[in-house]
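What follows is a set of notes on a single structure, which appears directly below.
The values are calculated or read from the model by the stated rules, or taken from the named source; none is laboratory data. All values derive from a computational prediction rather than experimental measurement. Cβ placement follows ideal geometry from the backbone for every residue including glycine, while neighbour counts extend to all protein chains displayed. The protein model used for the area step is the full one, side chains on, heavy atoms only, and it has no ligands, DNA or RNA in it. Shrake-Rupley method; radii C 1.70, N 1.55, O 1.52, S 1.80 Å.
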Amino acid sequence: MDRLRLNLTVAALLGVFLGISMPAGAASLAKLDKEFTGPVQATLKQYCLGCHSTEKQKGDLDLERFKTLSDVMKHAKVWQGVVEQIALGEMPPKEKPQMTAAEREKLLAWVNSALDEAALARAGDPGPVVLRRLNNADYTYTVRDLTGVKSLDPAKEFPVDSASGDGFMNVGNSLVMSPSLVTKYLDAAKDVADHAVLLPDGIGWSPSTSQRDWAEERLTAIREFYGRYSVPGGGSAVNLQGIKFDTKDGGVLPLEKYLEATLKLRATYTWGWANPSLVTNFAAKQGISGKYLLAVMNALSATNASLVLDPIRAQWRTSKPGDAPALANAIAQWQQTLWRFTQVGHIGKRDGPKAWQVPVTPLASAREVRMKIPAPSAGKSDVTLYLATSDAGDGNANDFAVW
């Protein structure tokens, strides 16, 4: 921070926090002006104007042109340099006549007072403010932060930013803008837009510009989401219009893990184990989904009649922690009969599946059986057809088979 701004800041802090006001007013300015035209100019003439006059201007410094206090306040930066050189002992030079300690102290006190008055006079004025653009590094990192794509480099074709006099590359005065650079900004924006992916709920960003890669990224994200609480399983071979391929393993719930959790939950909390909050908190500790654990608990503890669930519920009520594999095996037999997995890529198509996992109804009111009757052989003219049926695993009470 330069001397002018430093004095302005000090003045503001003193005024706000301590209630102290800096010297101001016509009387103070008149006193400073009188001192300048008297002892200050005499000191300058004796020790400074020999090298820094209008005629010589050594170091491009002309102190003779300052005739009044107003001239000094208009060029505060020049006098900031004067203060620095005198305070450091650089001026006057060692081989020139030197000021006495009293003369040095009086000159510095006057210049500092004049700078204080200049700071107060310009209070609230930030000076010239240029229209500043982002430098190349700022622009690149901003685009990467907004899109989340770390591989983007929109400024790679931009000219190198020029540095200011103090070496910084983010000063507004040095960040120029030209018609050719505007064109490069437009080209960079088009390149960035090629990575935008239109989604049902907004815009996403991808490191790739290929739609095929976008689809793969979305599918990968879906698999990762379900993969948090699922294990491989459910894959099957498919014959689609004569094309045979394997769907590979999909994601299914680790049923045995959930069943074991229900048994531990029931054994640990003999009372209140069916409380939803208790179930979800217990699931979080086990690293499984509270939503699905609650669904399994509700299904196993329900009292409504169910042809399929009643035998499983009875087995669950008599099971203890560690008996989950037997329960899972009993359920797996029904899963293979009552459910099947479809292909994700065909969900939502006309006449296609509505979901990944769809129910299958094994019951049928009628079943047509066809077979080819072999030609009668020598000595045999009768053909015998044997039909067999069984119950659904719940016993044969009240079951009927009509042939």
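Using a Gaussian network model of the chain whose springs link C-alpha atoms within less than 10 Å, name the residue from Asn173, Asn112, Asn329 with the highest mean-square fluctuation.
In this elastic network of the chain, the residue with the biggest mean-square fluctuation among Asn173, Asn112, Asn329 is Asn112.
Report the accessible area of Arg317, computed with a 1.4 Å probe over the heavy atoms of all protein chains in place, in Å² rounded to the nearest 10.
130
If you count only protein heavy atoms and use a 1.4 Å probe, how large is the accessible surface of Trp339, to the nearest 10 Å²?
110
May I ask you to rank Phe341, Phe168, Phe282, Phe36 by accessible area, largest first, using a 1.4 Å probe over the protein chains only?
On the way: Phe341 50, Phe168 120, Phe282 25, Phe36 0 Å².
I get Phe168, Phe341, Phe282, Phe36, largest accessible area first.
Excluding same-chain residues fewer than 8 positions from Lys372, which aspartates and glutamates have a Cα within less than 20 Å of its Cα?
Counting by Cα, and skipping residues close in sequence, Lys372 has these aspartates and glutamates nearby: Asp382.
Multiplying the sequence separation of Asp323 and Asp71 by 0.36 nm and subtracting their Cα-Cα distance, what value in nm do you get?
Taking Asp323 through Asp71 to full extension adds about 81.1 nm, to one decimal.
Got a sec? What order do His75, His346, His195 fall in by accessible area at 1.4 Å, biggest, i.e. largest, first?
His75, His346, His195
Ignoring any ligand, DNA or RNA, what whole percent of the accessible area of the stretch 329-403 comes from carbon and sulfur when the probe is 1.4 angstrom?
Using a 1.4 Å probe with all protein chains present, the stretch 329-403 comes out at 53 percent carbon and sulfur.
Take Arg218, Arg212, Arg370 and sort them by solvent-accessible surface of the protein heavy atoms, 1.4 Å probe, largest at the top.
Result of the area sort, largest leading: Arg370, Arg212, Arg218.
For the stretch 309-349 and the stretch 137-201, what is the separation of their C-alpha centers, rounded to whole Å?
Their Cα centres are 56 Å away from one another.
On the full set of protein chains, 1.4 Å probe, figure out the accessible area of Val369 and give it in Å² to the nearest 10.
100
What is the gain in length, in nm to one decimal, between Glu90 and Asp187 on full extension, counting 0.36 nm per residue of separation less the C-alpha to C-alpha distance?
Full extension of this stretch gives 29.6 nm more.
Given a Förster radius of 25 Å and the C-beta distance between Glu216 and Tyr141 as r, what FRET efficiency does 1/(1 + (r/R0)^6) yield to the nearest 0.05?
My answer for the efficiency is 0.35.
Could you grab the relative contact order for the chain? Cα pairs under 8 Å, six or more apart, rounded to a whole percent.
Result for the chain is 8 percent.
Just subtract the alpha-carbon distance of Asp351 and Phe400 from 0.36 nm times their residue separation and send over the number in nm, one decimal.
14.1 nm
List, in the order given, every pair from Lys45/Lys67; Lys34/Lys96; Lys45/Lys77 whose Cα-Cα distance in the structure shown is over 22 Å.
From Lys45/Lys67; Lys34/Lys96; Lys45/Lys77, over 22 Å: Lys34/Lys96.
In straight Cα distance, which lysines are under 28 Å from Lys190, not counting same-chain residues fewer than 8 positions off?
Within the straight-line limit of under 28 Å, Lys190 reaches these lysines: Lys150, Lys156.
Tell me the trypsin sites (Lys or Arg not before Pro) within the stretch 144-178 that lie in a loop according to DSSP and have at most 14 other beta-carbon atoms within 10 Å.
Those that pass, being in a loop and sparsely packed, are Lys150, Lys156.
Can you pull a Stokes-Einstein diffusion coefficient for the stretch 326-403 at 25 °C (0.890 mPa s), Rh from Kirkwood over Cα pairs, as a whole number of µm²/s?
For these conditions, the coefficient is 141 µm²/s.
Rounded to the nearest percent, how much of the accessible area of the stretch 269-314 (1.4 Å probe, protein heavy atoms only) is carbon and sulfur?
That share works out to 61 percent.
Just the number please: accessible area per residue for the stretch 267-403, 1.4 Å probe, all protein chains included, in Å².
Ligands and nucleic acids excluded, the result is 78 Å² per residue.
List the lysines whose Cα lies under 18 Å from the Cα of Lys320, skipping any in the same chain that are fewer than 8 positions away.
Lys257, Lys264
Restrict the search to the stretch 78-125; then list the trypsin sites (Lys or Arg not before Pro) that DSSP places in a loop and that have at most 10 other Cβ atoms within 10 Å of their Cβ.
Sites meeting the loop and neighbour criteria: Lys94.
Put a dot 7 Å past each Cα toward the Cβ at Gln343 and Glu224; how far apart are the dots in nm?
2.6
Whenever you get a sec, compute what percent of the accessible area on the stretch 64-205 sits on carbon and sulfur atoms (1.4 Å probe). Walk me through the numbers before you get to the answer.
Details: 5190 of 8890 Å².
C and S atoms contribute 58 percent here.
Give me the base-10 log of I(q)/I(0) for the stretch 150-236 at each q in 0.26 Å⁻¹, Debye formula, one uniform scatterer per Cα, rounded to two decimals.
-1.25
Per residue, how much accessible area does the stretch 137-220 show when a 1.4 Å probe rolls over the protein heavy atoms, in square angstrom?
Numbers: 5580 Å² over 84 residues.
The answer is 66 Å² per residue.
Charges on Cβ only, +1 for Lys and Arg, -1 for Asp and Glu, centred on the Cα centroid of the chain; of Asn112, Val383, Thr147, which one is farthest towards the dipole's positive end?
Result: Val383.
Which three semi-axes in whole Å describe the equivalent ellipsoid of the chain, each the square root of 5 times a Cα gyration tensor eigenvalue, listed largest first?
The answer is 93, 30, 16 Å, longest axis first.
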